[in-house]
Amino acid sequence: MTDSDSGQGASRHGEPDSRRHRLDVWLWHARCMRTRSSAAALVKAGRVRLNGARVTAPSQTIRLGDVLTIALDSRVRLWRVTGFIERRGDAQAAATTYVEVETPGAPDSHAP
């Protein structure tokens, strides 16, 4: 049985499938959380929604175009997944993995 036959997230040629990623790893790579374990804890606590549905499994697979609603202590972030990176890098690299989604008619949370 090859890697692609086992359904372990590998492409036909044996390299990792770049079209999907574990949620906790992606949150860590996108610099949403400081550690992977804190990203997993955030998901387990039910503070992340994937396309509107609450997720509690850190191993949940996400794909390009998915929308994540992330409830942090100070604010709620709405991000659309635009890419994946293989390792956690600087903020500039992390910024290539998502776009902030604007919600029409929502009040600015930073307004006085």
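Summary of values
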{"quantity": "Inter-label distance, nm, simple model (7 Å from Cα along the C-beta direction), Thr35/Thr61", "calculated": "2.9 nm"}
{"quantity": "Residues of the stretch 52-80 with amide N under 20 Å of a point placed 7 Å along Cα→Cβ from Arg20", "calculated": "52-69, 80"}
{"quantity": "Listed peptides 72-82, 30-40 by packing density, highest first (mean Cβ within 10 Å)", "calculated": "30-40, 72-82"}
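Any read-out appearing in this document is the output of simple, stated calculations on the displayed coordinates, not a laboratory observation. Predicted, not measured: the structure shown is a model, and the values here were computed from it. Virtual Cβ from ideal backbone geometry, glycine too; neighbours counted across all protein chains shown.
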